[in-house]
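In what follows, a single structure is set out as structure tokens and then discussed.
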Amino acid sequence: MKLKGRTALVTGGSRGIGRAVALALADEGADVAVNYVSSEAAAKDVVEQIRKMGRRAMLAQADVGDFPDTFRMAQDVLRELGHLDILVNNAGINSDKTFVKMDHASWRKVLAINLDGVFNCTKVFIDQMLTQGYGRVVNMTSVIGQIGNFGQANYAASKAGVAAFTKSLAKELAGKGVTVNAIAPGFIETEMVRGIPDKVKEKLLAQIPLKRFGTPEEVARAVVYMVSADGDYITGAEVSINGGLLM
Ligand code: NAP
């Protein structure tokens, strides 16, 4: 087991990619805090599955877009797990509209959760990681942040912001035992993608050389690689998992 004795927090761990990441980290031996904002039953299910594997697991409810709420969650996590080694900033939303129709509230909401959320969660754990001289931070960006997309100006901007944040932090923290990386998924089979109309899905598949959407587990395996000793020499990277959509 590659992560025996490690502790992790996965934001947005109740569903989709975050759920797969939480389970994959636990499968490699990590104790895991599962963050969610409203899907308590789904998060409890993930916690129960992790406990069945013989690891410690806890619910860590918080709106990552809200700094005081995130700070409170961090105190709970540090109290219960003792310390944090691995932070996976995965929570994210989209609220798609063409720019002409996009209102300020929709812009703010996506930026607050997707970009401020990464700042908030990293901020509340970084001092403890620096004190212990070890930390692994993985941020979930997106191919959309790399290429832009019709109707996703808010989402694309938030993800490009996270990518730039990742590289800046990687430079600041290199040499202090903390690596900071990003994973940029393409289209992955989760509720986010299931909501796309069939006709649009067909057009998307035509642009993906591997001719299928990815699975949450395929993203989770890359997270495990990055946060285990296998990934010790990787920092400031943004790894694409997109079936060849962008190359
Ligand atoms: P998803 O299935 O919609 O799940 C979103 C997760 O984020 C849920 O666990 C949700 O919690 C949580 N969340 C939402 N708002 C939150 C908040 N304010 N505070 C805390 N947690 C919050 O999404 P996904 O498809 O797995 O995507 C996960 C990440 O990958 C996102 O950052 C997304 O942008 C990125 N991504 C996804 C794709 C894709 O194709 N699916 C592609 C590229 C990048 P609740 O269950 O409590 O609502």
Considering region 176-196 alone, what residues qualify as being open to solvent by 40 Å² or more (accessible area, probe 1.4 Å) and either modelled with pLDDT under 95 or in a strand (DSSP E or B) (or both)? 191, 192, 194, 195
Determine if region 158-174 includes at least one residue that is surrounded by fewer than 20 Cβ atoms within 10 Å (Cβ to Cβ) and part of a loop (DSSP other than H, G, I, E, B). yes
Yes or no: region 27-37 includes at least one residue that is of a type outside the set (S, T, N, Q), under 21 Å from residue 194 (Cα atoms) and in contact (Cβ under 8 Å) with a residue 12 or more places away in the chain. yes
Here are 183, 188: which of them is near the ligand (Cβ under 10 Å from one of its atoms), within 20 Å of the chain's Cα centre (by Cα) and within 19 Å of residue 85 (Cα to Cα)? 183
Kindly indicate which of 144, 126 is open to solvent by 20 Å² or more (accessible area, probe 1.4 Å) and under 30 Å from residue 229 (Cα atoms). 126
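Could you list, in sequence order, all residues of region 197-221 that are surrounded by fewer than 12 Cβ atoms within 10 Å (Cβ to Cβ) and within 12 Å of the ligand (Cβ to nearest atom)?
Our first condition is that a residue be surrounded by fewer than 12 Cβ atoms within 10 Å (Cβ to Cβ); within region 197-221, this holds for 197-200, 202-203, 206, 209, 211-212.
Correct list: empty.
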Residue 83 fails exactly one of the following numbered conditions: (1) outside any helix (DSSP H, G or I); (2) buried (at least 16 other Cβ atoms within 10 Å of the Cβ). What is the number of that condition? (2)
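For region 97-113, indicate whether the set of residues that are closer than 22 Å to residue 232 by Cα, of a type in the set (Asp, Glu) and open to solvent by 80 Å² or more (accessible area, probe 1.4 Å) is non-empty.
Step one: list which residues in region 97-113 are closer than 22 Å to residue 232 by Cα, which gives none.
Within region 97-113, not a single residue is closer than 22 Å to residue 232 by Cα, of a type in the set (Asp, Glu) and open to solvent by 80 Å² or more (accessible area, probe 1.4 Å).
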Quick check on my filter: what residues within region 1-46 are hydroxyl-bearing (Ser, Thr, Tyr) and within 16 Å of the ligand (Cβ to nearest atom)? 11, 14, 36, 38, 39
Failed item in (1) surrounded by 24 or more Cβ atoms within 10 Å (Cβ to Cβ); (2) closer than 19 Å to residue 230 by Cβ, with residue 6 passing the rest: (1)
Answer residue from region 47-94, given it is of a type in the set (S, T, N, Q) and within 9 Å of the ligand (Cβ to nearest atom) and is nearest to the chain's Cα centre (by Cα) among those: 90
Residue ID - least open to solvent (accessible area, probe 1.4 Å), chosen from residues in region 12-46 that are more than 12 Å from the chain's Cα centre (by Cα) and charged (D, E, K, R): 31
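Which one of these is within 11 Å of the ligand (Cβ to nearest atom), of a type in the set (Lys, Arg) and on the phi < 0 side of the Ramachandran plot: 176, 97, 167, 109?
Details: 176 fails: within 11 Å of the ligand (Cβ to nearest atom); 97 fails: within 11 Å of the ligand (Cβ to nearest atom); 167 fails: within 11 Å of the ligand (Cβ to nearest atom).
After ruling out the rest, the residue left standing is 109.
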Of the conditions (1) more than 12 Å from residue 7 (Cβ to Cβ); (2) among the acidic types (Asp, Glu); (3) in contact (Cβ under 8 Å) with a residue 24 or more places away in the chain; (4) part of a helix (DSSP H, G or I), residue 63 fails just one. Which one is it? (4)
Residues satisfying the stated conditions in region 129-139, i.e. under 14 Å from the mean Cα position of the chain (by Cα) and either modelled with pLDDT under 95 or open to solvent by less than 10 Å² (accessible area, probe 1.4 Å) (or both): 137, 138, 139
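The values are calculated or read from the model by the stated rules, or taken from the named source; none is laboratory data. Source: prediction; values computed, not measured. Positions of Cβ are backbone-derived with ideal geometry, glycine not excepted, and every protein chain shown enters the neighbour counts. Calculation scope for accessible area: heavy atoms of the full protein, side chains included, ligands and nucleic acids excluded. Shrake-Rupley method; radii C 1.70, N 1.55, O 1.52, S 1.80 Å.
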